[in-house]
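Read-outs throughout are calculated quantities, based only on the coordinates presented, and are distinct from any laboratory measurement. Keep in mind the model is a prediction, meaning the values are calculated, not measured. When we count neighbours, we look across all protein chains shown, and the Cβ atoms used for this are built from the backbone with ideal geometry, even at glycine.
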Amino acid sequence: MSAKQQYAGVYARERATTLKVLKAFPADKSSFKPHDRSSSALQLAWTFVIENNIAMGALHGPLDLSAGFPPVQGTYSDILHAYEASGRDLLAALEKTPDSRLSETVNFFTGPKQMGAVPVGDLLWVMLMDSIHHRGQLSVYIRLAGGKVPSIYGPSADEPWN
C-alpha cells in the first residue's frame, strides 16, 4: 500500500466519524460555546471545512494562506453539507495526485509567526490530526449542549456497544 493509499483509507474512516459527530450536534444550538474564549459550535464545524480546503490547496499547490482564516459561511446545516462536499473533493483530488507530490513541499506554519517548507504528505496528516482534535472538542460540546455523543473510537454513554 502506498503512502497515498494509506492516507486515503485513514482519512475516509475518520471523515465518516467526523460526519457522525457533526450530525449529532443539535444544529439549533450552533452558537453554543462553553467559554467566552472558545469557538462557537458553528465556528468549530467550519474548521473542518477549512482544513479540508487547506489539504486540497496543498495537493494542487502552491498553497496560499495570505487571505487568513475565512469567516464562517452559512448555517450549521450548510457547513455540514460543505464538509461532506469538501471531503469528497479532497479524496477525488488525492486520487488524481501523483504519489511524488506528497514528497514536494508547500509553505506552511512551522512555528509562531514562522513559515517554512513542509512536505505535502506531512501537511495532509497534520490537517487530519488537527481535525480529529477539533472533533474531540465538538464531542464535548455535544454533551454540554444537551445532545447525545456518538461512538467515536469505542462506545459512548449514549451509544454503547452492547
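Please work out the FRET efficiency for the pair residue 143 and residue 69, using the Cβ-Cβ distance as r and a Förster radius of 25 Å; give the result to the nearest 0.05.
According to the calculation, E is roughly 0.40.
Can you work out ³J(HN,Hα) from phi for every residue in segment 70-76, in order, using Karplus 6.51 cos²θ - 1.76 cosθ + 1.60 and θ = phi - 60°, giving whole Hz and x for Gly and Pro?
x, x, 4, 10, x, 7, 4
What longest region of the chain stays clear of trypsin sites (Lys or Arg not before Pro) that DSSP places outside H, G, I, E and B and that have at most 14 other Cβ atoms within 10 Å?
Free of exposed loop sites, the longest segment is 38-112.
Using R₀ = 35 Å, calculate the FRET efficiency as 1/(1 + (r/R₀)^6) where r is the Cβ-Cβ separation of residue 92 and residue 36; round to 0.05.
Using R0 = 35 Å, I get an efficiency of 0.35.
Label 7 Å along Cα→Cβ of residue 2; segment 45-78 residues with amide nitrogen under 15 Å?
59-60
Can you tell me which of 92, 67, 82 moves the most in a GNM of the chain? Springs connect C-alpha atoms under 10 Å apart.
67
Select from 116, 147, 57 the residue whose mean-square fluctuation is largest in a Gaussian network model of the chain (Cα-Cα springs shorter than 10 Å).
It is 116.
Please build a GNM for the chain, connecting alpha carbons under 10 Å apart, and tell me which residue among 110, 75, 17 fluctuates the most.
Highest fluctuation of the listed residues: 110.
Grab the beta carbon distance between residue 77 and residue 109, set R0 = 30 Å, and tell me the FRET efficiency rounded to 0.05.
Calculated transfer efficiency: 0.45.
Of (i) 57, 42, 26; (ii) 45, 38, 27; (iii) 41, 35, 31, which is the value of Cα extents along the principal axes in Å derived from the coordinates here?
(ii)
Run the numbers for residue 159 and residue 130: contour at 0.36 nm per residue of separation, minus the present Cα-Cα distance, in nm.
Extra length available between residue 159 and residue 130 comes to 8.0 nm.
Can you tally the lysine pairs in the chain where the Cα-Cα distance is under 22 Å and the two residues are eight or more apart, or on different chains?
Counting lysine pairs in the chain gives 8.
Could you give each residue of segment 105-122 its phi-based ³J(HN,Hα) in whole Hz, using Karplus coefficients 6.51, -1.76, 1.60 with θ = phi - 60°, and x for Gly or Pro?
Karplus-based 3J(HN,Hα) across segment 105-122 equals 10, 10, 7, 8, 4, 10, x, x, 6, 9, 10, x, 6, 10, x, 4, x, 5 Hz.
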